Amino acid sequence: MAARGHLARGPWDLLFPDAAERAAALGMLAGHFPSWCHHSVFSVAELEGEPAAALAAFEPAAIGSTGLAAPLAATLARLGWSERRMAAAGPLLAPYLSCFPDMPEGVWIVENVGTRPAWRRRGLLAALLEQALGEGRRRGHASAQISCLIGNEAARRAYERAGFRAVEERKDPAFEALLGAPGFLRMTRRLD
């Protein structure tokens, strides 16, 4: 959901058109391999006993690498993908990767933000962001970064309310042809 933003599909849908395989792959990424998709970097807000919103917040050095290549390769191997199928995934994801913002060392990163539609407009995202930014501040970071798809105005406004400002756009016509958005917007804010 977080990777789709305001779009009908996202990179995980492209890579895993089968919903069951997609769920299995994301479960493996979240549970087995250190990355910014691992459950250990997530905070989840629950309402009425069910997950309603979540985000990941982390220091790049703490997760080893911000690249998903190694965790994704391990996941695909566990799923039994052939070398040919793995090789075909690279060009499919290339436009996405060309637009995805860098995650610089020393910056507190917030990613994978999402609120289930039934629980939107209840302050959950604001509370999760406040908690995440407070944690970054406690860990001594002077700045934080978040990104969203260009055109996801609801996300952009929410991040601006939390003090983030747009600093960079990364666009690629191939990205827009695949997903329907021009690319990514990188936003930052001071924590001190």
request  = Report the residue count in the stretch 134-190 for those that are touching a Ser or Thr at 6+ places or on another chain (Cβ under 9 Å), of a type in the set (A, V, I, L, M) and surrounded by fewer than 19 Cβ atoms within 10 Å (Cβ to Cβ).
outcome  = 3
message = Given the condition more than 18 Å from Leu26 (Cα to Cα), among the acidic types (Asp, Glu) and in contact (Cβ under 8 Å) with a residue 12 or more places away in the chain, answer yes or no: does some residue in the stretch 122-130 qualify?
response = yes
message = Among (1) in contact (Cβ under 8 Å) with a residue 24 or more places away in the chain; (2) surrounded by fewer than 19 Cβ atoms within 10 Å (Cβ to Cβ); (3) within 23 Å of Phe16 (Cβ to Cβ); (4) of a type in the set (Gly, Ala, Ser), there is one condition Ala61 misses while meeting the rest; what is its number?
response = (3)
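Among the residues of the stretch 22-40, is any over 18 Å from the mean Cα position of the chain (by Cα) and either exposed (fewer than 14 other Cβ atoms within 10 Å of the Cβ) or under 28 Å from Leu124 (Cβ atoms) (or both)?
no
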message = Here's a check for you: in the stretch 64-101, which residue that is within 24 Å of Cys148 (Cβ to Cβ), modelled with pLDDT under 85 and small (Gly, Ala, Ser) is surrounded by the most Cβ atoms within 10 Å (Cβ to Cβ)?
response = Ser65
query = Is one or more of the residues making up the stretch 147-161 part of a strand (DSSP E or B), within 30 Å of Pro17 (Cα to Cα) and of a type outside the set (Gly, Ala, Ser)?
reply = yes
query = Among the residues of the stretch 88-95, is there at least one that is within 15 Å of the chain's Cα centre (by Cα) and more than 26 Å from Ala174 (Cα to Cα)?
reply = no
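Would you pick out the residues in the stretch 112-144 that are of a type in the set (S, T, N, Q), under 19 Å from Arg4 (Cα atoms) and either touching a Lys or Arg at 6+ places or on another chain (Cβ under 7 Å) or in a helix (DSSP H, G or I) (or both)? Before you say what the answer is, go through the steps one by one.
Let us first name the residues in the stretch 112-144 that are of a type in the set (S, T, N, Q), namely 112, 115, 131, 143.
Next, only the ones that are under 19 Å from Arg4 (Cα atoms) stay: 112, 115.
Of everything in the stretch 112-144, nothing turns out to be of a type in the set (S, T, N, Q), under 19 Å from Arg4 (Cα atoms) and either touching a Lys or Arg at 6+ places or on another chain (Cβ under 7 Å) or in a helix (DSSP H, G or I) (or both).
The values are calculated or read from the model by the stated rules, or taken from the named source; none is laboratory data. Small disclaimer: the values here were computed from a predicted structure and weren't measured. FYI the Cβ positions are ideal-geometry reconstructions off the backbone, even for glycines, and counts take in every protein chain you see.
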